Amino acid sequence: MLEIDFYTFNILEGIFWIALSFVVVFYFLHQIPERYRFLGSFTGATLFVFGLSDFAESYFGSFMYYPNEWLFIMKSVFVLAQITAIFWYLHLRIKDNNVIPSDMKPQAGD
């Protein structure tokens, strides 16, 4: 089994989150409708900063140990931001009435 040290894992994780943020910003923002673009930008920015927090974690050490409480708070804020983005997306989909595919919506006579 592959064993990876803490430092390398956090560097790789940071690269993953930052790469995902670039995919969201530079690919999906050109493919999605206008009303979702701010949400996409918000999501991309939070993923980018979350990736930076992994680089900080590899440099400063785990957020579980003193004096790195600030890193725990930072990561918690960005996890909450991603949860907010999910609910924001669901809100937009419900508002657009695109949650249920058109072939599954009840007909007027049903």
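Throughout, read-outs are computed from the coordinates displayed, never taken from laboratory work. None of the values given here were measured: they were computed from a predicted structure. Don't worry about glycine lacking a Cβ; one is built from the backbone with ideal geometry, like all the others, and counts go over all protein chains shown.
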Looking across region 14-40 at residues that are loosely packed, with under 13 Cβ neighbours inside 10 Å and not hydrophobic (A, V, I, L, M, F, W, C), the single one that is farthest from residue 94 (Cα to Cα) is 27
Practice prompt. Examine region 49-69 for a residue that is closer than 30 Å to residue 96 by Cβ, part of a helix (DSSP H, G or I) and aromatic (Phe, Trp, Tyr), and state whether such a residue exists.
Written response: yes
Taking region 54-65 and keeping residues in contact (Cβ under 8 Å) with a residue 12 or more places away in the chain and either among the aromatic types (Phe, Trp, Tyr) or buried (at least 20 other Cβ atoms within 10 Å of the Cβ) (or both) leaves 54, 55, 57, 63
